[in-house]
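Asker: For reference, the structure I am asking about is given below.
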Amino acid sequence: MGMGVVDTVMAGRLGAVNLAGVALGGVVFWPLLLLVAGVVMALTPTVSQLHGSGRSHEAGEAVRQVLWIGLAAGLALILLLRNVEPLYHLIGVDPLAIPITVGYLEAISWGVLPVLGYFALRYLCEGLSWTAPAMVISGVGLLLKVPLNYWLIYGGWGIPALGGEGCGWASAVIMGLQFIAICLVVRYSRVAVAGVFRRFSWPDTDAIWRYIKLGLPIGMSTFAEFGIFSLMTLLIGRLGAETVAAHQIINNISGLVFMVPLGLGMATSIRVGFNVGANDFHAARRSGWVAIGASFGFAIVAVTALLTLGPWVVTLYSTEPEVVAVATGLLLIVAVYQVFDDVQVIAMGALRGYKDTTKPFIIAVICYWLVSLPVALVFGYGIVEDLYLGVTGYWIGLACGLICAAVVLVTRFNRVSKHYVRTARDEQQIAS
């Protein structure tokens, strides 16, 4: 997320067109990447449950099979990214931004396979309750991103100035370096107990299908949420480069704040999965509720910060008066839905710890596409002329979907966790 902030700030300094070009590329790249990464994320509950049951040595084979999934899906994604230009013309986005967008996507596509490999090995470490490697590698990658971005955006030392396209090349290089780093961690640290590099494994269709069934709903859930944001950005693209730039700034600020509950949601998935693997269902339920409460407390702090410091933060991204005015006007809506966004991602993470992925996916589709989208089309797109609010209407639609998702997902977590506790208690009574 930090690298996305760097891209937004540095591209924004080149003007609204470059910022819009990078934004319009990102809204296609990241949801599609997260769709595939979500399938790979099947490793987290799988490994955490193996770890909880004392079978960590079996995790290596799971990783090898998931890597085959990442290879096949990654190649398909690269092909798609390099042929997506007609979509932008079809939607009718600002034609000045399209060349920058296409160049950005072609550049960053070189990082797809390395970053999917990085995700797989990272999820192995996290499933074994060791989250420090991902933090260190991501932090170092962020530090390298700034000078690399500057070099490729503005040129120098034999490299021509690439503008917004340079952001894509910088990201691809960082993704490759992160993959190499995580390979070294998995090979030479305590994670070596999983035996990922102990031997080579050909694709096992039964195992691959099992991981796809578990991971595809995770990926589709992520795609449903991030995809609706991307669709909104593409539709907002009709309103001009300045409005897209303002929307991207607010989306970036909101996403940066969202990283705390997102990380907490991943931790919740790991802890719940570990306790489920250990058959301690009371602890699994308690882990989920503690995390939901913590995310709610953080959301209150985040809302306060957004309302007080938000206008100043916006000016760090852009100094164009029109961009700043539109972005500042959106802060209140973002602050309101932040509470519900934080809670829903924790509930989703807790359910993944139970390997409950299919119904949360259905919930996500309903909330984001059957609630958010219609509301956004009414208030943002202008289907009902008297209710047209422009870019503000799109954000109202997003807020409505997130509120719906938070309520339904927390209700489902309560029901699923109660079921596991009740079932375990009944089995104990029968045994006694």
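Read the figures in this text as sums done on the coordinates, not as results from a lab. No experiment lies behind these values; they were computed from the predicted model shown. We place every Cβ from the backbone using ideal geometry, glycine too, and count neighbours over all the protein chains shown.
Asker: Helix-only estimate, please: 222 nm mean residue ellipticity of the chain, summing -39500 (n - 2.57) across DSSP H runs of length 4 or more and dividing by its residues, to the nearest 500.
Answerer: On the way: 17 runs with 343 residues, N = 432.
One gets -27500 deg cm²/dmol as the mean residue ellipticity at 222 nm.
Asker: Taking θ as phi - 60°, what are the ³J(HN,Hα) couplings along segment 400-412 by the Karplus curve (6.51, -1.76, 1.60), each to the nearest whole Hz, with x for Gly and Pro?
Answerer: Each residue of segment 400-412 in turn: 4, x, 5, 4, 4, 4, 4, 5, 6, 5, 5, 4, 5 Hz.
Asker: Write out the trypsin sites (Lys or Arg not before Pro) in segment 186-260 meeting two conditions: DSSP loop, and at most 16 other Cβ atoms within 10 Å of their Cβ.
Answerer: Here the trypsin sites (Lys or Arg not before Pro) that fit, given the DSSP loop and packing criteria, are ARG198, ARG199.
Asker: Rounded to two decimal places and with Rh computed the Kirkwood way over Cα pairs, what is Rg over Rh for segment 318-362?
Answerer: Values: Rg = 16.8 Å, Rh = 13.0 Å.
Across segment 318-362, the Cα-based Rg/Rh ratio is 1.29.
Asker: Could I ask something else about it? Show me the ranking of peptides 375-382, 12-19, 247-254 by mean Cβ neighbours inside 10 Å, starting with the highest.
Answerer: Numbers: 375-382: 19.2, 12-19: 22.1, 247-254: 25.1.
Answer by packing, highest mean first, reads 247-254, 12-19, 375-382.
Asker: Where the Cα atoms of segment 98-158 are projected onto their three principal axes, how long is each span, largest first, in whole Å?
Answerer: The Cα atoms of segment 98-158 stretch 42, 22, 18 Å along their principal axes.
Asker: Output needed: percent of Cα pairs per 5 Å distance bin for segment 78-130, bins running from 0 to the one holding the longest distance.
Answerer: Going out from 0 Å in 5 Å bins, segment 78-130 shows 4, 18, 19, 15, 12, 10, 10, 6, 5, 1 percent.
Asker: Ratio of segment 42-150's C-alpha Rg to 2.2 N^0.38 Å, to two decimals? Before the final figure, lay out each step's value.
Answerer: Numbers: Rg = 18.2 Å, N = 109, 2.2 N^0.38 = 13.1 Å.
Normalised Cα radius of gyration, segment 42-150: 1.39.
Asker: Is segment 1-52 best put as rounded, prolate or oblate by its Cα gyration tensor, with a ≥ b ≥ c the root eigenvalues, rounded for a/c under 1.5, and otherwise prolate when a/b is larger than b/c, oblate when not? Intermediate values should be presented prior to the final figure.
Answerer: On the way: a/c = 8.83, a/b = 2.83, b/c = 3.12.
Cα axes put segment 1-52 in the oblate bin.
Asker: Taking the Cβ of GLY215 as the center, what net charge do the other residues with Cβ under 14 Å away carry, scoring Lys and Arg +1 and Asp and Glu -1?
Answerer: Values: positive: ARG210, LYS213, ARG352, LYS355; negative: ASP356.
Cβ neighbours under 14 Å give a net charge of +3.
Asker: Starting from the Cα-Cα distance between ARG198 and HIS419, subtract it from 0.36 nm times their residue separation and give me the gain in nm to one decimal. Working shown, then result.
Answerer: Working: separation 221, 0.36 × 221 = 79.56 nm, distance 3.91 nm.
Difference between extended and current length: 75.7 nm.
Asker: Counting Lys +1, Arg +1, Asp -1, Glu -1, what net charge surrounds VAL303 among other residues with beta carbon under 14 Å of its beta carbon? Intermediate values should be presented prior to the final figure.
Answerer: Values: positive: none; negative: ASP341, ASP342.
Within the 14 Å Cβ shell, the charges total -2.
Asker: So for the chain, what are the equivalent ellipsoid semi-axes in whole Å, largest first, each being the square root of 5 times an eigenvalue of the Cα gyration tensor?
Answerer: Details: eigenvalues 255, 147, 69 Å².
Ellipsoid half-lengths, sorted descending, are 36, 27, 19 Å.
Asker: Follow-up question, since we're still on this one. Please compute the length gained on full extension between ILE159 and LEU256, using 0.36 nm multiplied by the number of residues separating them and subtracting their Cα-Cα distance.
Answerer: Numbers: separation 97, 0.36 × 97 = 34.92 nm, distance 3.08 nm.
Gain on extension, ILE159 to LEU256, equals 31.8 nm.
Asker: Moving on. From the phi of every residue in segment 122-132, what ³J(HN,Hα) in whole Hz does the Karplus formula 6.51 cos²θ - 1.76 cosθ + 1.60 yield, where θ is phi - 60° and glycine or proline is x?
Answerer: 5, 5, 4, 4, 5, x, 8, 6, 10, 9, 4
Asker: So what's the net charge close to LEU402: Lys and Arg +1, Asp and Glu -1, counting the other residues with Cβ under 14 Å from its Cβ? Mind dumping the intermediate values first?
Answerer: Details: positive: none; negative: GLU225, ASP341, ASP342.
Its environment carries a net charge of -3.
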